[in-house]
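Just below is one structure, and these are the notes that go with it.
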Amino acid sequence: LPTVTSPCKILKCNSEFWAATSGSHHLGAEEAPEFCTALRAYAHCTRRTARTCRGDLAYHSAVHGIDDLMVQHNCSKDGPTSQPRLRTLPPGDSQERSDSPEICHYEKSFHKHSAAPNYTHCGLFGDPHLRTFTDTFQTCKVQGAWPLIDNNYLNVQVTNTPVLPGSTATATSKLTIIFKSFQECVDQKVYQAEMDELPAAFADGSKNGGDKHGANSLKITEKVSGQHIEIQAKYIGTTIVVRQVGRYLTFAVRMPEEVVNAVEDRDSQGLYLCLRGCPLNQQIDFQAIRSAQATEGRARRKGPSLQAPPEVFTYETATAKCREKLPVEDLYFQSCVFDLLTTGDVNFMLAAYYAFEDVKMLHSNKDKLHLYERTRDLAPGNTAASGTSPALWVLLLCLSQCWLGFL
């Protein structure tokens, strides 16, 4: 596969060191050797990625920071580098304090004298499938970098890359979340995840909102190492879930409508996917392709130069596989079938399953968990055609199978 992510792995080094030394400012002198061990492991990690990080500012900052910490803690550069046990934060630690200003808790401040806020959900998973804040469900191409969310409080951008060389089937290989500085609550924080790299900390190695009094209103929690993290941004009433399923990432968010619509330039709202959906020319009618696959039977191979998928599914075997995790034949089930037919990768079944699990956790309206009818509505004036022309049908069918080769 072509290289689709940065070879510089400094974010992984930062997060491993932070995970190993959380709460280390409480260490007594007798525990200093353990901190030095983690510090040497950190230095070793940076040396391993030095060649590919020469122009990376975060890398150079980490190298200088390691040298400073070595001196401060009187650590020898020679010695063991095995990772120490993960620490748990003691009661009363600054990461757990609950004395944040009231303004740093959305439900207590913004709506103190009014009704509870209305929450919305957006999710992106698989090849990729998008559920917008208005419960519109779409399957999109959107190759390259695209904004998912862009408002006064945070920006979320995803990068989608081909699943196989030459294929139009894409999946999310990189995710960047920027939490903007907010009053006395949080400093600006950046979270970045890539394929095979799901850090449990922000890019600067921290796990909360920084040095401000309300820093704990923004916090990262690792649910499953390397596979599942959750970010709580209480100051804007927002929960974000990021997973790595197989090689690719999934994204899900729960956010108050007031925050969703908090933009200075309302004309720019149409620029991000979670609010208005994918542009019409980026959408794929996967239901039409699914119907064609059902009648066609086993997928055919076209093109000897393309790599074969891990497994070739027929419509029947794909539906049987998806029913193992998704018994209700809603759009998540149909997305699963579509992804197995277009990629042959069973991890896309798990991506659809976890996307629905995240909906169950994050969506405020339990009557809208399952969606059955795909919509293509975008901004006012952008409507889909009521029918599908034969030429478009052929094009869509080719899109779904372009990773396969001729017999």
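Over the heavy atoms of V63, what accessible area does a 1.4 Å probe trace out, to the nearest 10 Å²?
40
Sort H44, H64 by heavy-atom solvent-accessible area, probe 1.4 angstrom, most to least.
Sorted by accessible area, descending: H64, H44.
So what is the accessible area of the range 103-276 per residue, in Å², with the probe set to 1.4 Å?
Per-residue value: 35 Å².
Based on the Cβ-Cβ distance of V328 and E184, what FRET efficiency does E = 1/(1 + (r/R0)^6) give at R0 = 41 Å, to the nearest 0.05?
The computed FRET efficiency comes out at 0.35.
Can you tell me the length gained on complete extension of the stretch A320 to Q72, counting 0.36 nm per residue apart and subtracting the Cα distance?
83.3 nm
Using the Karplus equation 6.51 cos²θ - 1.76 cosθ + 1.60 (θ = phi - 60°), what ³J(HN,Hα) coupling, rounded to whole Hz, does each residue of the range 330-335 give in order, writing x for Gly and Pro?
9, 5, 5, 4, 5, 5
Please list 3J(HN,Hα) in residue order for the range 248-255, calculated via the Karplus relation 6.51 cos²θ - 1.76 cosθ + 1.60 where θ = phi - 60°; whole Hz, with x for glycine and proline.
In residue order, the calculated couplings are 10, 9, 10, 9, 8, 9, 10, 8 Hz.
If amide hydrogens are placed 1.01 Å from N in the peptide plane, which non-local residues have theirs closer than 5 Å to the one on H228?
Excluding prolines and chain starts, which carry no amide H, the hits are K223, Q244.
Compute, for the range 103-276, the length of the dipole vector about the Cα centre, with Cβ point charges of +1 (Lys, Arg) and -1 (Asp, Glu) only. Units Debye, rounded to 20.
So the magnitude is around 300 debye.
Roll a 1.4 Å probe over the protein heavy atoms and report the accessible area of K180 in Å², nearest 10.
Here the accessible area works out near 60 Å².
Could you order H105, H213 so the one with the most accessible surface comes first? Probe is 1.4 Å.
My answer, sorted largest first, is H213, H105.
Report the one residue of W146, V163, T120 whose Cα lies farthest in the direction of the positive end of the charge dipole of the range 104-263 (charges on C-beta: Lys and Arg +1, Asp and Glu -1; origin at the Cα centre).
About the Cα centre, the residue reaching furthest to the positive side is T120.
List the chymotrypsin sites (Phe, Trp or Tyr not before Pro) in the range 176-238 that DSSP assigns to loop (not H, G, I, E or B) and whose Cβ has at most 13 other Cβ atoms within 10 Å. Which are they?
Details: sites: F179, F182, Y191, F202, Y235; in loops: F202.
Loop-located and lightly packed - none at all.
Could you calculate the contour length gain from D367 to H44, that is, 0.36 nm times the residue separation minus the distance between their Cα atoms, to one decimal place in nm?
111.1 nm
Rounded to whole Hz and in sequence order, give me ³J(HN,Hα) for the range 141-147 from the Karplus expression 6.51 cos²θ - 1.76 cosθ + 1.60, θ = phi - 60°, writing x for Gly and Pro.
Coupling constants for the range 141-147: 8, 5, 6, x, 8, 9, x Hz.
Which of A58, C75, L39 sits farthest toward the positive end of the charge dipole of the range 28-79, with +1 on the Cβ of Lys and Arg and -1 on the Cβ of Asp and Glu?
Sorting the options by dipole projection puts first A58.
Going from most exposed to least, what order do D345, D358, D67 have by accessible area with a 1.4 Å probe? It would help to have the intermediate numbers written out before the result.
Numbers: D345 30, D358 5, D67 65 Å².
Of D345, D358, D67, the descending order of accessible area is D67, D345, D358.
If each residue of separation counts as 0.36 nm, what is the full-extension length gain between N281 and N155 once their alpha-carbon separation is subtracted?
43.0 nm
How big is the gap, in Å, between the Cα center of the range 163-197 and the Cα center of the range 316-367?
Cα centroid to Cα centroid, the span is 23 Å.
The values are calculated or read from the model by the stated rules, or taken from the named source; none is laboratory data. Please read all numbers here as calculations on a predicted model, not as lab measurements. Cβ atoms come from the backbone with ideal geometry, glycine included; neighbour counts cover every protein chain shown. Remember, those area values only see protein heavy atoms, side chains included, never the ligands or the DNA or RNA. Shrake-Rupley method; radii C 1.70, N 1.55, O 1.52, S 1.80 Å.
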